[in-house]
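Only one structure is covered here, and it is reproduced in the block below.
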Amino acid sequence: MADDNDSERPLHSEPDEEAIDEPTTSPAQEADETAWMLKEGVTIGLIAIGAMVVLGLGLLQGTGLVDLFAPIADTEFGQWAAFAVLVLVGIAVFVWSRLGV
């Protein structure tokens, strides 16, 4: 009979190892946790959108369909250097957004 219950038990039903053991006890704590989760979600979304925009610009630049940085750089190397600076600025903004989290 015990074997029947074990076979019906869903796989991977153990709780997460990193799960919080203590429930939320106050409305202020719940509000803080909700604000933190919203900040994390928005940050992840913005990072994903920014990464896709940079990837798209890089692919368009690489195939020669656009010369996005032509006003500031005349040579191909200069345009790729400007693109690299754009990527580094994006990484710096990401690191800055993660400080204190």
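The values are calculated or read from the model by the stated rules, or taken from the named source; none is laboratory data. Remember, predicted model here, so these are calculated numbers, not experimental data. Quick reminder, even Gly has a Cβ in these numbers, built from the backbone with ideal geometry, and neighbours come from all protein chains shown.
In segment 93-101 there is at least one residue that is touching an Asp or Glu at 6+ places or on another chain (Cβ under 8 Å), modelled with pLDDT under 85 and of a type in the set (A, V, I, L, M). Scanning segment 53-69 for residues that are aliphatic (A, V, I, L, M) and either in a helix (DSSP H, G or I) or surrounded by 12 or more Cβ atoms within 10 Å (Cβ to Cβ) (or both) gives Val53, Val54, Leu55, Leu57, Leu59, Leu60, Val66, Leu68.
Looking only at residues of segment 33-71 that are acidic (Asp, Glu) and within 21 Å of the chain's Cα centre (by Cα), we find that the one that is nearest to Ile91 (Cα to Cα) is Glu40. For segment 38-52, check the following and say yes or no: at least one residue is aliphatic (A, V, I, L, M), more than 26 Å from Leu99 (Cβ to Cβ) and either exposed (fewer than 11 other Cβ atoms within 10 Å of the Cβ) or touching a helix residue (DSSP H, G or I) at 6+ places or on another chain (Cβ under 9 Å) (or both). Checking segment 38-52: not a single residue is aliphatic (A, V, I, L, M), more than 26 Å from Leu99 (Cβ to Cβ) and either exposed (fewer than 11 other Cβ atoms within 10 Å of the Cβ) or touching a helix residue (DSSP H, G or I) at 6+ places or on another chain (Cβ under 9 Å) (or both).
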